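Asks: Structure below; questions to follow.
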Amino acid sequence: AQKVTQAQTEISVVEKEDVTLDCVYETRDTTYYLFWYKQPPSGELVFLIRRNSFDEQNEISGRYSWNFQKSTSSFNFTITASQVVDSAVYFCALIMTGGGNKLTFGTGTQLKVEL
Amino acid sequence: GAVVSQHPSWVICKSGTSVKIECRSLDFQATTMFWYRQFPKQSLMLMATSNEGSKATYEQGVEKDKFLINHASLTLSTLTVTSAHPEDSSFYICSALTSGRVKETQYFGPGTRLLVL
């Protein structure tokens with residue numbers, strides 16, 4: 001069975017602070033894909049990143065960065081210099097390649113960025 | 001990124017009526033689409049996997065006779081909530097799987113909010 005855990009239910013930060021959203025996953029497969037999605041108040045999920053299990057290189061995209069560590073089964077997401085527009089629910093998700101492309105979502109982390 | 005639309009964006013109906021929700025992939029062909037349901041402050045729960053030209057595969061606990069799914073073309077899947085009741089009120093989201101530039105990636109529609117009175 002596969003599982004994604006986002007232990008942080010809600011995080012509040014002040015604008016311009018850096019914030020890291022944690023994601024820990026469980027899977028028996030050696031080949032899998034990890035994702036992060038953003039769900040703003042409007043409800044539409046926005047794809048942020050996809051990472052396959054063989055690529056442990058960290059990635060940076062503007063103010064966003066991701067740290068993938070297979071040794072700890074973690075795929076953490078950091079927002080640098082947070083902005084109010086970053087306020088949303090962020091979901092970490094997992095697909096096993098032999099799992100019919102079904103996404104297993106974590107419970108989500110509500111991020112609130114205040115002025 | 002890939003664009004997926006849903007219609008309607010919200011619907012209010014009386015208990016006992018049926019509601020149809022459409023999911024379209026606008027700029028790519030999607031052989032596989034997924035239907036999710038999300039209750040307030042909860043995560044997305046997969047309801048069913050819809051494959052073009054074949055019957056949908058439902059997750060455990062989802063009534064296939066209540067949630068009818070049709071995937072008649074490579075760009076359109078529909079979810080019909082039959083004889084809707086207040087407990088069916090939820091946010092329904094579809095996604096389409098593309099094997100394009102970012103493989104095995106699901107792109108999500110904007111969702112449909114259903115309120116059953």
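Asks: Any idea which residue in the stretch B:47-57 is surrounded by the most Cβ atoms within 10 Å (Cβ to Cβ), counting only those that are aliphatic (A, V, I, L, M) and assigned to a strand (DSSP E or B)?
Replies: Only one residue tops the list, namely B:Met47.
Asks: Looking for whichever is free of Cβ contacts under 8 Å to residues at least 40 places away in the same chain and among the hydroxyl-bearing types (Ser, Thr, Tyr) here; the options are A:Ser42, A:Ser87, A:Ser73. Which one fits?
Replies: Residue meeting the stated conditions: A:Ser42.
Asks: Right, here's the next one. Where in the stretch A:26-98 are there strands (runs of 3 or more DSSP E), lying fully within it, with 3 or more residues that are surrounded by fewer than 17 Cβ atoms within 10 Å (Cβ to Cβ) and within 14 Å of chain B (Cβ to nearest Cβ)?
Replies: Output list reads A:46-52.
Asks: Would the stretch B:27-46 turn up any residue that is under 21 Å from B:Thr98 (Cα atoms), in a loop (DSSP other than H, G, I, E, B) and of a type in the set (D, E, K, R)?
Replies: Scanning the stretch B:27-46 turns up at least one residue that is under 21 Å from B:Thr98 (Cα atoms), in a loop (DSSP other than H, G, I, E, B) and of a type in the set (D, E, K, R).
Asks: So which residues in the stretch B:58-117 are assigned to a strand (DSSP E or B), over 15 Å from the mean Cα position of the chain (by Cα) and under 27 Å from A:Thr97 (Cβ atoms), if there are any at all?
Replies: B:Thr98, B:Thr105 - these are the residues of the stretch B:58-117 that are assigned to a strand (DSSP E or B), over 15 Å from the mean Cα position of the chain (by Cα) and under 27 Å from A:Thr97 (Cβ atoms).
Asks: Could you go through the stretch B:60-75 and let me know if any residue there is among the basic types (Lys, Arg) and within 14 Å of another protein chain (Cβ to nearest Cβ).
Replies: no
Asks: Take B:Gly16 and decide whether it is farther than 16 Å from B:Gly109 by Cβ, modelled with pLDDT under 95, away from chain A (no Cβ under 14 Å) and not in a strand (DSSP E or B).
Replies: So B:Gly16 does not fit the description; no.
The values are calculated or read from the model by the stated rules, or taken from the named source; none is laboratory data. Predicted model, so just to flag it, every value in this text is computed and none were measured. Cβ atoms come from the backbone with ideal geometry, glycine included; neighbour counts cover every protein chain shown.
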